[in-house]
Amino acid sequence: MRNYQPSNIAPSQGVAILAASSLVSGVAIGGATAFIGKFIYFIVLFPLGMGFATGSVLGFAVKKGKIRSPITALGIGLLGGIVTYGSLMYGQYMNFQNETATIMEREYNVKDKSLANEQINVFLQQETGSSGFVGFLKLSAKEGTSISRGSSKLKLNDTFTYLLWLIELGIVGFLAASIPFAAAKEPFNEEGNEWYGETKLIGSATEESRDEIIRLLNMDDMVGASALLSSQTDMPTPRIDVYSQSSADIPFSDSVIRVNYVSTNAKKQLEVKEILIGLVSEAQRSQLVPQISASAPETPEA
């Protein structure tokens with residue numbers, strides 16, 4: 001079995017799709033979060049949602065654009081994360097402007113929006129030494145961030161507020177980049193110019209067979225590896241599951257073989273860890289799969 005490595009090909013059209021997706025999704029997700037944030041905002045939890053949403057969009061764009069370069073996907077994903085969190089902060093700045101302008105109109109009868117914005121900038125300049133968006137960020141940090149925990153509140157000073165923003169940016173950026181990065185590493189059939197199809201279970205084996213199965217697959221001994229597998233679908237954990245992926249449009253091309261270690265955690269939940277992935281020829285796959293069917297126990301006749 002040959003190791004699979006991404007080809008690092010990034011079609012120009014696919015890169016354009018991914019870049020556009022990072023900008024559009026970043027502005028939309030960050031702006032929507034800023035709007036919701038006018039009413040409620042959960043520290044860390046919202047950035048997790050923003051990062052996952054952005055990463056999911058970019059992961060889809062990677063698949064659509066057939067990008068097989070993980071580094072390209074990672075870089076544009078980081079850009080998408082920065083755009084998303086930057087849009088959140090700028091959306092909060094717009095909220096601040098609108099709310100302040102409303103107060104000025106109600107309290108001081110200032111109905112000219114341009115005049116109101118000028119006065120806001122004067123205020124920011126006096127309070128922070130900067131106007132506009134930068135002044136707003138400095139003012140927000142100066143005012144600090146309140147974190148509620150039950151009936152008590154913790155007030156962060158400007159230094160810790162900047163640190164909190166950096167942590168949230170890191171969360172958004174990590175998820176926005178890691179999801180498309182993982183998508184670009186997925187097996188791609190270069191011969192057929194398409195992603196490999198649905199993952200299908202070939203068979204399972206006991207945990208004790210783990211090292212031997214890996215050794216046999218790496219030695220291209222498909223018959224030997226197949227002899228250790230069972231078609232039993234309810235084999236207890238921990239166990240080894242072996243899957244295959246093929247291209248429907250090119251039936252005689254290479255197939256992907258995945259070996260997963262399946263265990264049960266303390267909460268009785270299944271945990272799956274991929275321990276081997278590689279490519280085999282159609283002839284090798286045919287040696288692996290029919291052996292399982294042949295070794296399956298026959299159902300006794302009634």
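The values are calculated or read from the model by the stated rules, or taken from the named source; none is laboratory data. Computed from a prediction, not measured in an experiment: that's the story for all the values here. In this analysis, Cβ positions are derived from the backbone assuming ideal geometry, glycine residues included, and neighbour counts consider all displayed protein chains.
A few notes on this one:
- Hey, ALA28 closer than 15 Å to ALA176 by Cβ, outside any loop (DSSP other than H, G, I, E, B) and either assigned by TED's automatic domain parsing to the domain that holds LYS155 or among the small types (Gly, Ala, Ser) (or both) or not: yes
- Only one entry of VAL122, VAL134 meets the criterion of being loosely packed, with under 14 Cβ neighbours inside 10 Å, closer than 15 Å to GLN92 by Cα and not basic (Lys, Arg), and that entry is VAL134.
- Scanning the stretch 254-274 for residues that are polar (S, T, N, Q) and surrounded by 17 or more Cβ atoms within 10 Å (Cβ to Cβ) yields SER255, ASN260.
- Residue selection: ILE40 satisfies the criterion of being over 30 Å from TYR4 (Cβ atoms) and either over 14 Å from the mean Cα position of the chain (by Cα) or in contact (Cβ under 8 Å) with a residue 12 or more places away in the chain (or both).
- When ALA176 is tested against (1) over 30 Å from LEU74 (Cα atoms); (2) hydrophobic (A, V, I, L, M, F, W, C); (3) under 25 Å from the mean Cα position of the chain (by Cα), only condition (1) is not met.
- Yes/no for GLY170 being crowded, with 19+ Cβ neighbours inside 10 Å, within 28 Å of ILE40 (Cα to Cα) and either of a type in the set (Lys, Arg) or without any contact (Cβ under 8 Å) to a residue 60 or more places away in the chain (or both): no
- In the stretch 188-200, the residues that are surrounded by fewer than 20 Cβ atoms within 10 Å (Cβ to Cβ) and within 25 Å of the chain's Cα centre (by Cα): GLU190, ASN193, GLU194, TRP195, GLY197, GLU198, THR199, LYS200
- Members of the stretch 216-249 that are surrounded by fewer than 14 Cβ atoms within 10 Å (Cβ to Cβ) and either over 15 Å from TYR261 (Cα atoms) or in contact with a helix residue (DSSP H, G or I) (Cβ under 7 Å, 6 or more places away or on another chain) (or both): MET219, VAL223, GLN232, ALA248, ASP249
- Within the stretch 137-147, restricting attention to residues that are of a type in the set (Ser, Thr, Tyr) and surrounded by 14 or more Cβ atoms within 10 Å (Cβ to Cβ), the residue that is nearest to the chain's Cα centre (by Cα) is THR145.
- Residue match in the stretch 144-164 (condition: over 20 Å from ILE40 (Cα atoms) and of a type in the set (A, V, I, L, M)): yes
- Within the stretch 234-253, tally of residues that are within 20 Å of ILE275 (Cβ to Cβ) and assigned to a loop (DSSP other than H, G, I, E, B): 4
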